[in-house]
1. Are any residues in segment 76-89 surrounded by fewer than 13 Cβ atoms within 10 Å (Cβ to Cβ) and on the phi < 0 side of the Ramachandran plot, and if so, which ones?
2. Tell me which of these Gly46 doesn't satisfy, since it passes every other one: (1) at negative phi; (2) modelled with pLDDT of 85 or more.
3. If Arg118 satisfies every condition in (1) within 21 Å of the chain's Cα centre (by Cα); (2) assigned by TED's automatic domain parsing to the domain that holds Leu196 but one, which is the exception?
4. Please tell me if Glu235 is over 16 Å from Asn125 (Cα atoms) and either loosely packed, with under 15 Cβ neighbours inside 10 Å or at pLDDT 95 or above (or both).
5. Take Gly50 and tell me if it is surrounded by 10 or more Cβ atoms within 10 Å (Cβ to Cβ) and assigned to a loop (DSSP other than H, G, I, E, B).
6. Among the listed residues Ser100, Ser96, which satisfies the condition of being within 28 Å of Thr238 (Cα to Cα) and either of a type in the set (A, V, I, L, M, F, W, C) or in a helix (DSSP H, G or I) (or both)?
7. Let me spell it out: the conditions are (1) without any contact (Cβ under 8 Å) to a residue 24 or more places away in the chain; (2) in the same structural domain as Ile221 (by TED's automatic domain parsing), and Asp87 meets all of them except one. Which number is the exception?
8. Could we say that Ile89 is of a type in the set (Val, Ile, Thr) and within 20 Å of the chain's Cα centre (by Cα) here?
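The values are calculated or read from the model by the stated rules, or taken from the named source; none is laboratory data. Keep in mind it's a predicted model, so treat the numbers as computed, not measured. Neighbour counts run over all protein chains shown; Cβ positions are idealised from the backbone, glycine included.
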Amino acid sequence: MFSSSSSLSSVFPAKEKQNEAHKEPLKAVVQRHFRALVSQLLQGEGVKVGKENSTEDWLDIVTSVAWQAANFVKPDTSQGGSMDPVDYIKVKCIASGCPSESILIKGVVCTKNIKHKRMTSQYRNPRLLLLGGALEYQRVPNQLASFDTLLQQEIDHLKMIVSKIEAHRPNVLLVEKSVSSYAQEYLLAKEISLVLNVKRPLLERIARCTGALIAPSIDNIPTTQLGHCELFRLERVTEELETANQFNKRPSKTLMFFEGCPRRLRLHGPAEGLMS
């Protein structure tokens with residue numbers, strides 16, 4: 001496989017350089033207009049812009065980050081994807097640090113935490129399994145049985161489900177709703193980090209960015225597709241708010257990062273067999 005841009009530049013190097021040279025003046029004009037638009041929007045919100053000799057000027061920061069985001073997002077409408085950038089870009093506000101620390105994360109950032117502090121909080125190239133619904137034992141209604149029998153049935157059922165999950169060798173399991181306490185202990189023993197009560201829109205966003213398929217229920221776990229990213233990590237931040245709680249303690253939150261999400265590679269060809 002080769003890069004079409006590199007191959008053309010090797011054949012027509014002078015023409016490529018000429019085209020790039022022609023684009024530079026237009027690019028500069030577009031950037032000036034974009035900066036002016038950002039300035040207008042910030043001033044409309046009451047934000048002072050144009051501070052001299054300041055690295056903390058919101059105009060420079062917002063312009064830079066927004067420009068990076070606009071160049072990074074490439075909506076795929078062939079599969080019915082939206083053209084609205086709001087569906088792909090989320091702004092996470094953190095009352096901590098300084099404005100110059102604002103950056104573009106090529107992935108997903110959310111306010112979540114792993115269930116147990118003994119679970120691993122960072123993975124390089126993790127395998128992600130996404131599950132819709134809950135991971136619990138569904139008791140049969142109107143069935144008479146002793147408590148010990150029901151408890152053993154629940155334990156056996158959850159062990160079987162965790163075995164199905166373990167067969168995929170995931171590092172992180174994200175579940176839309178609740179997870180049985182027994183299942184939590186089994187996952188901890190299997191060294192699988194658990195994130196539960198993940199709202200559906202967030203679960204779908206993680207799936208889209210990591211290439212995962214959301215298993216609709218525990219019955220679909222064997223046929224699901226795992227997601228991948230370069231780095232899964234947690235970061236705890238203390239917010240510098242004007243008001244603290246009754247113990248004069250600053251509030252904090254835990255951020256969950258899925259960084260370096262893969263981009264899709266789409267091949268076109270005359271036959272499916274050849275593409276495979």
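1. Asp76, Thr77, Ser78, Gln79, Ser82, Met83, Asp84, Pro85, Val86
2. Condition not satisfied by Gly46: (1).
3. (1)
4. In short, yes.
5. Taking the combined requirement at face value, the residue satisfies it.
6. Ser100
7. Only one criterion in (1) without any contact (Cβ under 8 Å) to a residue 24 or more places away in the chain; (2) in the same structural domain as Ile221 (by TED's automatic domain parsing) is unmet by Asp87, namely (2).
8. Spelling it out, Ile89 is indeed of a type in the set (Val, Ile, Thr) and within 20 Å of the chain's Cα centre (by Cα).
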